[in-house]
Every structure is written in structure tokens, then in C-alpha cells.
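The next block holds one structure in the form of C-alpha cells; read it before the comments.
The values are calculated or read from the model by the stated rules, or taken from the named source; none is laboratory data. Not measured: the values here are computed from a predicted model. Positions of Cβ are generated from backbone atoms using ideal geometry, with glycine treated the same way; all protein chains shown enter the neighbour counts. Just the protein is used for accessible areas: all its heavy atoms, side chains included, with ligands, DNA and RNA removed. Shrake-Rupley method; radii C 1.70, N 1.55, O 1.52, S 1.80 Å.
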Amino acid sequence: MQLIPCPWCGPREEAEFHYGGQAHVAYPEDPSALTDEEWAQYVFFRENPSGPFAERWSHNAGCRRWFNAVRDTRTHDLLAVYRVGEPMPEVIA
Amino acid sequence: MTASPLAAWRDRLAALAPVLDAAEQPFRSQLTVRVSDPDAIAAMGSALGVQFPSAACTFTSGSGRFGDVEVLWLGPDEFLVVAAPDLQITIEEVLRGALGTVRGSVVDTSAQRTTVVLEGPKVRDVLAHGCSVDLHPASAPGGTCVQTLLARTGIILQVNGDDRVTVLVRSSFAEYLAAWLCDACSEYLAVA
Ligand SMILES: [Zn+2]
């Protein structure tokens, strides 16, 4: 079982966490101006990199806080975790 | 009087001795406090006579006008205040008074969880059967308070000392947890 380091609680079992998809997807600044295609892009389309990927995770069974993590999608290694509102740290994959 | 969530399990829990002294502490007063302002946190601590924990995954305890009170860290702006039964209404008023106009909330959640106190030299071994948090005394000394999973059930686990642990479990999951505890103890009972 993989351990995920919660920025508040420290390393915990993966089963305590919930995956929240790509991080840093900003809500549209002027929602009413979006076309259907732009809405579809915002709602459904996500990056799918091979390598480091900034994601949202929630520590469901622990402190129940959302945080961000950079995960290498090739190895499932968590390269960094950081709190919501903090910028994505530089990582070496 | 309403039966507590584990009233029907009293004898089966008592039968876990000498491996574990296991007993429910029913109906304790519990209040969930959400607040992040440091001055308000200090004021609430003074009102209770127990300072709120400043470090993640710890709890504080002390005595004040409400007798013995514990404050558990649940999250960076979330705490659980625990005291003897039937104090929740008074404590809620006092904490709301201490909070004043600062943004935050105090909610009576006493019925949400019941408490099981476990004591015995094997307590950490028994819990390790279903808990992935490192319970070695070096990693989880007295004063530790974590929310985690025990046999897939969400719990709050307080370490009171080397051989003593307090588990808070949702009332509707309490019987399942008691049954799991009885099963986890069986191998130690066999050789006792
Ligand atoms: Zn956490």
C-alpha cells in the first residue's frame, strides 16, 4: 500500500485519500461569455501527461483537507505535496 | 434513559480482559469547533481552562470550570471539545461567547460518536491488526490524536499513554467496531 504524505498529517495509507483530478484549473473569469465548446473544454478536458502531473487530493479519512500533489504518472511516485493556494513547486522527475 | 450505542456489548468487551480492559464511555459532551483566528482560539481555551492544541495530530487536556476537558485537533481550523456528559449546552454557550463576532462555528455533535477506552499491554498490537498508522510509542507518544481508519471504519484515535488508547467511533459503526475488537483480541486471549 502506498503512503501519501498529507501536508497536515504526514504519511498515511492511500486508502485514506480521495483523488480530485487535475489541479490549478481556474474557474472561467466571465462564465456567461463562454461558448459551448469552451465550457466543454473547461468541464471535461484535462491534461494527460506522461510524467509529473499536478493533482488535487483530499485526505478524506483524516483531516478532510484538500491539498495538491505532483505525481509522476509513469511511476506513481509523489514528487511533492503542497497546500491549497501555494504555487506548484519545482520538481525533478 | 436511552441505551448507549455499545450498551449491549458491555459484557463481551469486559470479557477481553486480561488482554484489553475495554469499556465504553457513553454520552460524553462533544462539540465541533471551526475557527482559525488565533485570538479567538486563545479566548476559547481560556474559557474552558484548556488551551487548544497548536500542533497537528495532537490533543490537549486539563481541568477548568467544566471539570476534565480535552481538546482534539481534527484539522487546521477544526477541533473537538470533549467533556463529561450533559455539559454540551453550557459549553456551547460559553464557547460561542468566547468566539464573539469572529468567523467560526460551535456545533453540538455529542450524539455523533461514542467513546471506547482500551487499556492493556497489548493495546497497540491489537489495534495494529486494522490500523495503518504507526502506533509504536516512538511515533505515537501520549498526546497523539489522529483521525484514521480502523478496520475500514473512520475513527479518532487518542493515545493517552503507553498502554492506553481512546477510540471515538461513529455511533452507527460502534457495534461493528466492537465485534472487530473481539475478533482481533481472540489470538491473544487463546494464549493468555
Ligand atoms: Zn491530513
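At least 2 residues being open to solvent by less than 20 Å² (accessible area, probe 1.4 Å) is the threshold, and among the strands (runs of 3 or more DSSP E) wholly inside segment B:64-112 those reaching it are B:67-75, B:78-83. The residues listed here are A:74, A:64, A:56; of these, the one that is within 16 Å of the ligand (Cβ to nearest atom) and either over 12 Å from the mean Cα position of the chain (by Cα) or of a type in the set (Val, Ile, Thr) (or both) is A:64.
Note on segment B:50-63: among residues that are among the small types (Gly, Ala, Ser) and within 14 Å of chain A (Cβ to nearest Cβ), the one that is surrounded by the most Cβ atoms within 10 Å (Cβ to Cβ) is B:56. Scanning segment B:1-14 for residues that are open to solvent by 10 Å² or more (accessible area, probe 1.4 Å) and touching a residue at least 40 places away in the same chain (Cβ under 8 Å) yields B:4, B:5, B:8, B:9, B:12. Take the conditions hydroxyl-bearing (Ser, Thr, Tyr) and under 30 Å from residue B:185 (Cα atoms) and apply them to residue B:4. Does it pass? When the stated conditions are applied, residue B:4 passes them.
When B:165, B:126, B:159, B:116 are screened for being open to solvent by less than 10 Å² (accessible area, probe 1.4 Å), more than 14 Å from every other protein chain (Cβ to nearest Cβ) and touching an Asp or Glu at 6+ places or on another chain (Cβ under 6 Å), only B:116 passes. Could you list, in sequence order, all residues of segment B:16-36 that are at pLDDT 95 or above and surrounded by fewer than 15 Cβ atoms within 10 Å (Cβ to Cβ)? Residue satisfying the conditions is B:36 alone. Considering segment A:1-65, the qualifying strands (runs of 3 or more DSSP E), each wholly inside and each with 2 or more residues that are within 14 Å of chain B (Cβ to nearest Cβ), run over A:3-6, A:10-13. Could you run through segment B:1-40 and say how many residues are more than 20 Å from the chain's Cα centre (by Cα) and under 23 Å from residue B:110 (Cα atoms)? The number of residues fulfilling the criteria is 5. Restricted to segment B:13-67, and to residues there that are acidic (Asp, Glu) and closer than 16 Å to residue B:115 by Cβ, the residue that is nearest to the ligand (Cβ to nearest atom) is B:24.
Look at residue B:175 and say whether it is open to solvent by 40 Å² or more (accessible area, probe 1.4 Å), of a type in the set (Asp, Glu), in contact with a helix residue (DSSP H, G or I) (Cβ under 7 Å, 6 or more places away or on another chain) and assigned to a helix (DSSP H, G or I). The answer is yes for residue B:175.
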